[in-house]
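Participant: Take this structure first; my questions come after.
Just so it is clear, none of the values below were taken in a lab; they were calculated from the coordinates. Worth saying up front: this structure is predicted, and the values here are computed from it rather than measured. Positions of Cβ are backbone-derived with ideal geometry, glycine not excepted, and every protein chain shown enters the neighbour counts.
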Amino acid sequence: MFQPPQYQENDLNTLHQFLNTHNFATLMSYNQTHERIEAGHLPFILDINQGMYGTLSAHIAKANPLYEQIKQDQSVLLSFQGDQQYISPNWYPTKADHHRAVPTWNYMVVHVRGRIHCIDDEKSLLALLGRLTKQHEASQAIPWKMKDAPAEYIQNLLKEIAVIYIEIDSIVGQFKTSQDRPNIDKIRVAQALQTTAPEMSAHIKQHTN
């Protein structure tokens, strides 16, 4: 990923928090048989205490062509996308002074690299699915639990999926949030994004002098 210095985010705690907030990622790997890049889209769970930079886990359908491919213990790339938004030059107060302003696109993204491994056992699957369920049902008035479904139904589904995990070798963030604009422009952009991109708006405010 091309990373101009002013947009780099290297704080590991910030990057981990981003992965937890935006845990639905695009997983990319190289298909050696067909000589092409393959991609899949999966929700991940982060364990910050496993490995130097953490470990990511997810589950994948065995019917997915990616499953056979990633069983080969290969290196993969994951992209986690946060807020992204078109930025109009009309938002910049300084535009009235010199008109040296053009449209751009702000975005917040984190890239993760690591080697992928597969685990095909019931205990690991149940543990992962339990954590995913607990995390995403937390906002429900009456959270759904796996035991709410018939045991036989769950058992049949478990046969069709496997756990994948990726020990993170590198993690880099790029938060392009109007760092190259004067403070007066940043303030106006943050105001414009309060509703459509609140995370980005907060990041701009946090980094405005």
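Participant: Any idea what angle helix 12-21 forms with the longest principal axis of the chain, computed on alpha-carbon atoms, 0 to 90 degrees, nearest 10?
Facilitator: Taking the Cα atoms of the chain, the angle to 12-21 is about 70 degrees.
Participant: Cβ neighbours within 10 Å, averaged per peptide: list 130-136, 12-18 in order, most packed at the top.
Facilitator: 12-18, 130-136
Participant: Taking a ≥ b ≥ c as the square roots of the Cα gyration tensor eigenvalues, with a/c under 1.5 meaning rounded and otherwise prolate when a/b beats b/c, else oblate, which class fits segment 134-200?
Facilitator: Oblate.
Participant: Going by amide H atoms built from the backbone, whose H comes under 5 Å of the H on residue 50, apart from near neighbours?
Facilitator: 55
Participant: Would you mind ranking 22, 34, 98, 203 so that the residue whose beta carbon has the fewest other beta carbons within 10 Å leads the list?
Facilitator: Final ranking by Cβ density, sparse to dense: 98, 34, 22, 203.
Participant: Under 19 Å Cα to Cα from residue 205, which aspartates and glutamates show up? Leave out anything in the same chain fewer than 8 places away.
Facilitator: Filter leaves 9, 11, 83, 180, 185.
Participant: Between residue 156 and residue 121, what is 0.36 nm times their sequence separation minus the Cα-Cα distance? Round to one decimal in nm.
Facilitator: So the chain would gain 11.3 nm between residue 156 and residue 121.
Participant: Using only C-alpha positions, report the orientation-averaged shadow area of the convex hull of the chain, nm², one decimal.
Facilitator: The number I arrive at for the chain is 14.6 nm².
Participant: Per residue, what volume in Å³ does the Cα convex hull of segment 91-182 take up? Show your work: numbers first, answer last.
Facilitator: Working: hull volume 16.1 nm³, N = 92.
Roughly 175 Å³ of hull volume per residue.
Participant: Quick one: Karplus J couplings for segment 131-136, per residue in order, coefficients 6.51, -1.76, 1.60, θ = phi - 60°, nearest Hz, x for Gly and Pro?
Facilitator: Each residue of segment 131-136 in turn: 5, 4, 4, 4, 5, 8 Hz.
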